[in-house]
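This report refers to the structure that appears directly beneath it.
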Amino acid sequence: MDYFLTEDQQMIRDLAREIADEKVLPVRAELDEKEEFPWDIIKTLAQSDFFGIYIPEEYGGMGKGGFELTLAIEELSRACLGVSTSYAANALGTYPILLYGSEEQKKKYLPDIASGKRLVAFGLTEAGAGSDAAGVQTTARLEGNEYVLNGTKQWITNGGEAEIYTIIAMTDRNKGARGASAFIVEKDTPGFTFGKKENKLGIRASSTRELVFENCRIPKENIISKEGTGFIVAMKTLDKSRTGVGAQGVGVAQGAFDAAAQFAKERIQFGQPVISIQAVQHMLADMATNIEAARALVYSVAKYIDSGAKDVSKESAMAKLFATDVAMKVTVDAVQVMGGSGYMREYPVEKMMRDAKILQIYEGTNQIQKNVIGQALIKETSKKR
Ligand code: COS
């Protein structure tokens with residue numbers, strides 16, 4: 001399908017594809033096996049200005065939108081979801097500053113983020129606050145000119161590797177969601193350490209770690225927006241970022257489809273390539289149709305968000321839900337098309353199937369996405385009455 005990309009958009013997509021083919025494909029199996037953070041690839045992406053795609057030019061970025069970021073994420077995901085997660089998590093961690101940060105915070109942090117000099121991580125999840133994002137227990141107490149943070153964040157992407165962390169903590173535990181606030185915490189702040197690194201089923205090239213805050217003192221000016229707005233900062237961040245998870249789904253599904261279709265042309269059974277067998281053709285036809293539908297939805301939602309639309313919760317949840325369910329189904333079917341070979345580490349699709357599972361879980365499970373869509377539908381139907 002031709003999505004009539006502008007010259008700049010084509011350039012971003014082509015360069016991302018080149019980096020994916022030349023730098024990611026040759027090492028993805030090894031990164032997966034060794035659970036190694038892809039620093040060399042991160043450096044290449046930084047040199048190509050990929051960390052600044054969506055950051056305004058005045059802060060050192062390229063001044064493009066979420067749609068261009070989507071194109072980059074999709075291409076990297078086609079090659080390796082572990083790499084694309086390490087990349088895309090930067091946008092997740094940066095949105096709180098971009099959307100709600102003060103001018104001083106933007107000037108201080110965005111240029112280093114845009115250049116890829118410093119990686120970013122987003123810290124919302126805790127042992128008792130997964131789907132229930134308002135259940136955060138980490139506290140931030142104001143003492144003079146400092147906030148003092150105490151608590152533990154769990155399963156934080158880029159944990160340990162990132163230098164800038166946007167953290168949600170409770171400034172008033174009695175107020176529930178309205179008692180949460182967002183903060184910027186820099187690596188190497190005394191009282192801020194890293195817990196265990198997780199050993200995962202998939203996206204093993206990405207780093208997932210605990211963040212531990214023990215009387216960690218940060219300057220008062222590191223609060224993002226003001227006390228009590230942290231839950232909204234987190235929700236608006238996820239509204240922006242979930243389309244990127246959808247793009248990851250499109251990318252990994254395309255990668256799995258390409259591998260399965262190629263294999264089906266080469267594999268001979270009953271005296272013919274298995275792609276000539278209608279049962280296999282029908283599987284490939286379903287896979288290709290679903291990928292194109294997912295891509296069309298993800299692209300449309302990304303453009304809708306870039307248009308400045310105010311409330312995009314429903315649309316971004318739809319893009320994430322649909323594209324990541326497609327990713328799971330397509331990667332499982334790619335293994336099936338390839339039979340025994342698909343199950344072996346020698347081919348890339350078993351990794352893609354393992355990797356794809358997280359897309360239905362992180363940045364809100366797909367069941368949570370249905371809740372978000374459902375709540376929006378209730379609001380819309382009551383407005384129409
Ligand atoms: N934009 C703006 N405001 C929002 C919002 C959004 N997207 N989502 C919720 N709010 C507001 C609500 O309007 C409500 O405001 P009032 O107090 O003024 O009524 C407030 O925030 C609380 O909302 P709600 O009652 O819906 O909160 P819940 O605790 O029921 O949680 C869900 C809502 C489930 C949607 C939220 O907890 C969520 O997204 N969970 C998943 C978290 C997640 O993605 N985790 C992954 C970690 S990051 S990798």
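The values are calculated or read from the model by the stated rules, or taken from the named source; none is laboratory data. Here the structure is a predicted model, which is why all the values come from computation and not from measurement. So basically every Cβ, Gly included, is an ideal-geometry build from the backbone, and we count neighbours across all protein chains shown. Side chains are part of the model used for accessible areas, which takes the heavy atoms of the whole protein and leaves out ligands, DNA and RNA. Shrake-Rupley method; radii C 1.70, N 1.55, O 1.52, S 1.80 Å.
Given the C-alpha centroids of region 74-103 and region 311-339, what is the distance between them in whole angstrom?
Each part reduced to its Cα centre gives a spacing of 19 Å.
Can you give me the % of accessible surface on the chain that is carbon or sulfur? Probe 1.4 Å, all protein chains present, nothing else counted.
Looking at the chain in its full context, I get 51 percent from C and S.
Please identify, among E161, E214, E74, the residue showing maximal mean-square fluctuation in a Gaussian network model of the chain using a 10 angstrom Cα cutoff.
E214
For the chain, build the charge dipole from Cβ charges (+1 Lys, Arg; -1 Asp, Glu) around the Cα centre, then report which of A376, I53, A285 sits farthest towards its positive end.
A376
Give me the distance between the Cα centres of region 15-33 and region 355-383, rounded to whole Å.
Taking the Cα centre of region 355-383 as reference, the centre of region 15-33 is 31 Å away.
So what is the relative contact order for the chain, in percent, with contacts set as C-alpha pairs under 8 Å and at least six apart?
17 percent
Can you compute the helix-only [θ] at 222 nm over the chain? Use -39500 (n - 2.57) per DSSP H run of at least 4 residues, normalise by all residues, nearest 500 deg cm²/dmol.
-17500 deg cm²/dmol
Using Cα pairs closer than 8 Å and at least 6 residues apart in sequence, work out the relative contact order for region 231-383, in percent.
Relative contact order comes out at 33 percent.
Would you pull out the residues with amide H under 5 Å of Y347's amide H, same chain only if 5 or more places away, H placed 1.01 Å from N?
Close amide H contacts, sequence-distant or interchain: none at all.
Which one, G116, N90, A140, is farthest towards the positive end of the dipole of region 87-152 when Lys and Arg carry +1 and Asp and Glu -1 on their Cβ?
Going by the charge dipole, the pick is G116.
Students sometimes get this wrong: rank W155, W39 by accessible area, probe 1.4 Å, all chains present, largest first.
Working: W155 145, W39 95 Å².
The ordering from most to least exposed comes out as W155, W39.
What FRET efficiency, computed as 1/(1 + (r/R0)^6) with R0 = 41 Å and r the Cβ-Cβ distance, is obtained for E58 and A296, rounded to the nearest 0.05? Write down the numbers at each step before the final one.
Values: r = 33 Å, r/R0 = 0.80.
The pair E58/A296 has a calculated efficiency of 0.80.
Describe numerically, in nm with one decimal, the distance between label points set 7 Å from Cα along Cα→Cβ at M11 and at Q336.
In this crude label model, M11 to Q336 measures out at 4.3 nm.
Once whole DSSP H runs in the chain are found, which of them have Cα atoms spread over 30 Å or more along the helix axis and a mean Kyte-Doolittle score of at least 0.0? Mind showing how you got there, number by number?
On the way: long enough: 230-266 (54 Å, 0.22); 278-306 (42 Å, 0.31); 313-343 (41 Å, 0.33).
Span-like helices here: 230-266, 278-306, 313-343.
What is the spin-label model distance, in nm, from R173 to E186 if the labels are put 7 Å beyond Cα along the C-beta direction?
Label-label distance for R173 and E186, simple model: 3.0 nm.
Calculated FRET efficiency, E103 and E30, Cβ-Cβ r, R0 51 Å, to nearest 0.05? Write down the numbers at each step before the final one.
On the way: r = 43 Å, r/R0 = 0.85.
My answer for the efficiency is 0.70.
With springs only between Cα atoms under 10 Å, which of G271, G128, G230 fluctuates most in a Gaussian network model of the chain?
Of G271, G128, G230, the most mobile in the Gaussian network model is G271.
Mind scanning K106/K320; K220/K379; K34/K64; K64/K197; K200/K329 and naming the pairs with a C-alpha gap bigger than 32 Å?
Numbers: K106/K320 28 Å; K220/K379 37 Å; K34/K64 35 Å; K64/K197 34 Å; K200/K329 20 Å.
The answer is K220/K379; K34/K64; K64/K197.
Restricting to Cα pairs below 8 Å that are 6+ residues apart, what does the relative contact order work out to for region 161-297? Please round to a whole percent. Walk me through the numbers on the way to the answer.
Numbers: 149 pairs, mean separation 27.9, N = 137.
Rounded, it is 20 percent for region 161-297.
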